[in-house]
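Take a look at the structure below.
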């Protein structure tokens, strides 16, 4: 039986990119796309609705906060999804690659799949040096502390709904991706990585686009890794 796959896309002021993201998602694969506008002050919500997405508003800023809003919405649906896919709304990910991101869950009974930018092709300038170093440092710490190998903390990922519920995500901002991976490792979930391509985002990053954002994200990621030991 075809699995019910839902997509959650956190988006903060992505009116110029969210339409492209929605257009490239393979419609035959997906049951519902949920765009969570995270305190957007532009036309993100209007463009997302025009693109066929279910649009939610999360007035408090925070990447994890937006993702949690999407999860809460799905949790209260009459019929729960089988798989949830997360990706960003800035068009840096390639939504057309979604079939290969969910394939290990459908075909190999994996619990979680990380779309690894480190294993795929990255457009020059799509990741800042501090991002590349931060990913290396974080994944090295996870490997040494939790004995699970990841090459990336990429936002493009898929996870079984029941596993997502078992993890009990709580992080409301920059620690979201690493919290999911560390908790999955601690629970012994079957985690798989697949190579995904990555390009320069549309617009300026709200995290790595500023020194303050970079420092705060790096601190939160490292703090989350050690907090969960």
Taking the criterion of being closer than 15 Å to residue 115 by Cβ and in contact with a strand residue (DSSP E or B) (Cβ under 6 Å, 6 or more places away or on another chain), would at least one residue in segment 168-180 satisfy it? no
Restricting attention to segment 104-149, and to residues there that are in a loop (DSSP other than H, G, I, E, B) and over 19 Å from residue 92 (Cβ atoms), which single residue is farthest from the chain's Cα centre (by Cα)? 147
Within segment 77-103, can you find the residues that are part of a loop (DSSP other than H, G, I, E, B) and within 14 Å of the chain's Cα centre (by Cα)? 87, 88, 89, 90, 91, 92, 93, 94
The condition of being within 19 Å of residue 176 (Cβ to Cβ), over 16 Å from the mean Cα position of the chain (by Cα) and surrounded by 15 or more Cβ atoms within 10 Å (Cβ to Cβ) holds, among 45, 58, only for 58
Spot the failing condition for residue 96; the list is (1) surrounded by fewer than 21 Cβ atoms within 10 Å (Cβ to Cβ); (2) out of contact with any helix residue (DSSP H, G or I) (no Cβ under 7 Å at 6 or more places or on another chain); (3) touching a residue at least 12 places away in the same chain (Cβ under 8 Å), and only one is missed. (2)
Residues 147, 190, 186, 124: which one is without any contact (Cβ under 8 Å) to a residue 12 or more places away in the chain, surrounded by fewer than 18 Cβ atoms within 10 Å (Cβ to Cβ) and either more than 17 Å from residue 86 (Cα to Cα) or touching a strand residue (DSSP E or B) at 6+ places or on another chain (Cβ under 7 Å) (or both)? 124
List the number of the failed condition for residue 180; all other conditions in (1) under 13 Å from the mean Cα position of the chain (by Cα); (2) modelled with pLDDT under 95 hold. (2)
Hits in segment 18-42 - residues which are in contact with a strand residue (DSSP E or B) (Cβ under 6 Å, 6 or more places away or on another chain), surrounded by fewer than 17 Cβ atoms within 10 Å (Cβ to Cβ) and assigned to a helix (DSSP H, G or I): none
Identify, please: which residue in segment 150-176 is in a helix (DSSP H, G or I) and modelled with pLDDT of 95 or more and is, among those, surrounded by the fewest Cβ atoms within 10 Å (Cβ to Cβ)? 162
Any hit, segment 7-16, residues being modelled with pLDDT of 95 or more and surrounded by fewer than 17 Cβ atoms within 10 Å (Cβ to Cβ): yes
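The values are calculated or read from the model by the stated rules, or taken from the named source; none is laboratory data. Just so we're clear, the structure is a prediction, and the values are computed from it rather than from any experiment. Cβ: placed from backbone, ideal geometry, glycine included. Neighbour counts: every protein chain shown.
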